[in-house]
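Before any comments, here is the structure.
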Amino acid sequence: MIVSDTGLPGVKVIEPACFQDERGFFMESYNRDQLLGHGIANLFIQDNHSLSVLPGTLRGLHYQLDPSAQTKLVRVVAGSIFDVAVDIRRGSPTFGRWEGFALSASNKKQLLVPRGFAHGFVTLEANTEVCYKVDAGYSQSDDRGIAWNDPEIGIAWPLDPTVLSAKDAKHPLLRDAENHFTYSR
Ligand SMILES: Cc1cn([C@H]2C[C@H](O)[C@@H](COP(=O)(O)OP(=O)(O)O[C@H]3O[C@H](C)C(=O)[C@H](O)[C@H]3O)O2)c(=O)[nH]c1=O
């Protein structure tokens, strides 16, 4: 397993070891002890799985307020996505900064998105399936979002969304979003 830092401290790219043979491949898609070794000490309690039928489906930018804030471990099991994390911790040196990552069933890369970051993706292929672990359960009352096209964040999405939920079409800008996350070293 290779764990790489990114331009957003705390956000990491994880590449599991993949063992190929004439049958196909095997990999440990999640190994808690190996992640603990990289200081990723989350006890994930829920697995999520979404299918997006059309390319250009955008889901996000989402986060949950405390006490339901989530760390997420995201991977793609079919198709591919441009996966984005945005630092929304007030006082953070990288507040409002985003970074995007190409995750796909073929590259098997995973993205660790800590609490304090908004998360979203756009699908790059039809029938893309995203699976992700979270360390806090779903809380509809704590579910929040930020506009995918917030000009102050300025995410360079590789393609304009063609499919968006009604909820995702009306999130507030970061500056107006309810958000209690604060930065601590
Ligand atoms: C997230 C979630 C949703 N739901 C129910 C609520 C709705 O009835 C339905 C669809 O939910 P939503 O439209 O919020 O799903 P996505 O737009 O894929 O949102 C997710 O995708 C973005 C990229 C994320 O990072 C979030 O984890 C998550 O919000 O599933 C549940 O029952 N449990 C859950 O944990």
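The values are calculated or read from the model by the stated rules, or taken from the named source; none is laboratory data. Quick caveat, the model's predicted, so the values are computed rather than measured. Here Cβ is always computed from backbone atoms with ideal geometry, including for glycine, and neighbour counts include all displayed protein chains. Ligands, DNA and RNA are stripped out before the accessible areas are found, and what is left, the full protein with its side chains, is counted by its heavy atoms. Shrake-Rupley method; radii C 1.70, N 1.55, O 1.52, S 1.80 Å.
Just a few scattered comments:
- For Ser29 and Ala126, the FRET efficiency from 1/(1 + (r/R0)^6), where r spans their Cβ atoms and R0 equals 22 Å, is about 0.45.
- 3J(HN,Hα) along the stretch 88-99, derived from phi through the Karplus expression 6.51 cos²θ - 1.76 cosθ + 1.60 where θ = phi - 60°, amounts to 10, 8, 4, x, 6, x, 10, 4, x, 7, 10, 8 Hz, with x in place of Gly and Pro.
- Computed from the C-beta positions of Ser184 and Val163, the FRET efficiency with R₀ = 35 Å rounds to 0.40.
- Per residue, the solvent-accessible area of the chain (1.4 Å probe, heavy atoms of protein chains only, all protein chains present) comes to 50 Å².
- Using a probe of 1.4 Å on the protein chains alone, the accessible area found for Asp47 is around 110 Å².
- The lysines whose alpha-carbon is closer than 25 Å to the alpha-carbon of Lys109, local same-chain residues fewer than 8 away aside, are Lys12, Lys72, Lys133.
- CD proxy at 222 nm, helix term only [per DSSP H run n ≥ 4: -39500 (n - 2.57); per residue of the chain; nearest 500]: -500 deg cm²/dmol
- In order along the stretch 54-68, the Karplus-derived 3J(HN,Hα) couplings, from 6.51 cos²θ - 1.76 cosθ + 1.60 at θ = phi - 60°, round to 9, x, x, 7, 10, 10, x, 7, 10, 7, 10, 6, 4, x, 9 Hz, and Gly and Pro are given as x.
- Mean shadow area of the stretch 57-137, taken as a quarter of the surface of its Cα convex hull (nm²): 5.2 nm²
- The simple Förster model, with R0 at 35 Å and r as the Cβ-Cβ distance, assigns Ile2 and Asp176 a FRET efficiency of 0.35.
- Its residues counted as N, the chain yields a C-alpha radius of gyration over 2.2 N^0.38 Å of 1.00.
- The stretch 123-185: equivalent-ellipsoid semi-axes (sqrt of 5 x gyration tensor eigenvalues, Cα, Å): 22, 18, 13
- Full extension of the chain between Ala17 and Ser139 gives 40.6 nm of extra length, using 0.36 nm per residue less the Cα-Cα distance.
- Accessible surface of the stretch 43-176, 1.4 Å probe: 51 percent of it comes from carbon and sulfur atoms.
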